[in-house]
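A short worksheet on the structure shown next.
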Amino acid sequence: TAASTSSGPQAQASATTDRVSAKEFSFKLASKSLRKPGAVTFKLANAGHLAHNFHIAGKGTPLVGPGKTARLNVRFRRSGRFRYLCTVPGHAAAGMRGVFTVR
């Protein structure tokens, strides 16, 4: 597969961290790209008033309530463009989506 979840201290230590802020109805990523395939830990912080989640490459966080955070470890095994979105009904259509690029 193009991506997989990774866990454990070794996977987390070697992962790039990307902060993701969610609010109605947008995501703001600290970085929208990775220089080469590898591990990324997405740290989702919900700065909004509604519950949101973050899905990319077939993996996702649970619903995250206002003021709460979650982590998502993803290993990108190839270069490409990977769509991310909030899967709460209507949220992606309202703007909670984008593309993350692995070079």
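The values are calculated or read from the model by the stated rules, or taken from the named source; none is laboratory data. Fair warning: this is a prediction, and the values are worked out from it, not measured in the lab. All Cβ positions, even for glycine, are placed from backbone atoms using ideal geometry, and neighbour counts span all protein chains on display. These area figures cover heavy atoms from the full protein model, side chains too; ligands, DNA and RNA do not enter into them. Shrake-Rupley method; radii C 1.70, N 1.55, O 1.52, S 1.80 Å.
Of note:
- Prolate/oblate/rounded label for the range 26-70 (Cα gyration tensor, a/c 1.5): prolate
- Farthest toward positive dipole pole in the chain [+1 Lys/Arg, -1 Asp/Glu at C-beta], among Pro62, Thr101, Val74: Thr101
- Cβ-placed point charges (K, R +1; D, E -1), dipole of the chain about Cα centre in debye, nearest 20: 420 debye
- Rule-of-thumb Rg ratio for the chain [Cα; 2.2 N^0.38 Å; N residues]: 1.00
- DSSP beta bridges in the range 32-103 [antiparallel fraction, %, rounded to 5]: 90 percent
- In the chain, the portion of solvent-accessible area held by carbon and sulfur atoms comes to 50 percent [1.4 Å probe, whole percent, DNA, RNA and ligands not counted].
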